[in-house]
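Notes follow the structure.
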Amino acid sequence: IRNFCYLCIEYFYFAMREIIQLVLWLWQMPQNIIGEILAFYYGGCTSFYRTGRYNRVAVVSSDRMRGGISLGNIIILPEFFSEKTLKHELGHCKQSLYFGWLYLPVIGLPSIIHAALHRKGDYYHFWTERWANSLGGIIR
């Protein structure tokens, strides 16, 4: 009976973890779908990182990528990237968890526009980038 109870508890935790992961994926669905499409397009090597108890992030590194982009649970980086770059993009993943469906208009769009228009000086002065650094544990 004792082993049966342990088995039931383990199954319960496994089921809850899967349900939570599904809810988190749905919460971030628009950026997850775009991230999946871009990850397929860029291809490359994929590895996984945990950003919390239940959330797992796929990191795709590709020789066809110039900068980094975070979309839901997917990060796409150049083939050779620094730990700071990874931490910065993990910060954007946390922003995605906070905002859910609002991530793209509130964080993603301003960040992309800033990246497209930014030419000189400190790229990380913009509020979305500063906050991503902070969430990723980077002090610049």
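The values are calculated or read from the model by the stated rules, or taken from the named source; none is laboratory data. Computed from a predicted model, the values in this text were never measured in an experiment. Glycine gets a Cβ as well: all are built from the backbone with ideal geometry, and neighbour counts include every protein chain shown. When the accessible area is computed, the model is the full protein with side chains, heavy atoms only, and any ligands, DNA or RNA have been set aside. Shrake-Rupley method; radii C 1.70, N 1.55, O 1.52, S 1.80 Å.
Things to note:
- Residue match in region 76-84 (condition: at positive phi and part of a helix (DSSP H, G or I)): no
- The number of residues in region 85-121 that are at pLDDT 95 or above and at positive phi comes to 1.
- Inside region 55-64, residues that are among the hydroxyl-bearing types (Ser, Thr, Tyr) and crowded, with 19+ Cβ neighbours inside 10 Å make up a count of 1.
- Residue match in region 95-106 (condition: among the aliphatic types (A, V, I, L, M), open to solvent by 80 Å² or more (accessible area, probe 1.4 Å) and not in a loop (DSSP other than H, G, I, E, B)): yes
- Odd one out for ILE139, checked against (1) under 30 Å from PHE14 (Cβ atoms); (2) among the β-branched types (Val, Ile, Thr); (3) surrounded by fewer than 16 Cβ atoms within 10 Å (Cβ to Cβ): (1)
- Every residue from region 65-89 that is over 17 Å from PHE126 (Cα atoms), in contact with a strand residue (DSSP E or B) (Cβ under 9 Å, 6 or more places away or on another chain) and open to solvent by 20 Å² or more (accessible area, probe 1.4 Å): MET65, ARG66, ASN73, PRO78, GLU79, PHE80, PHE81
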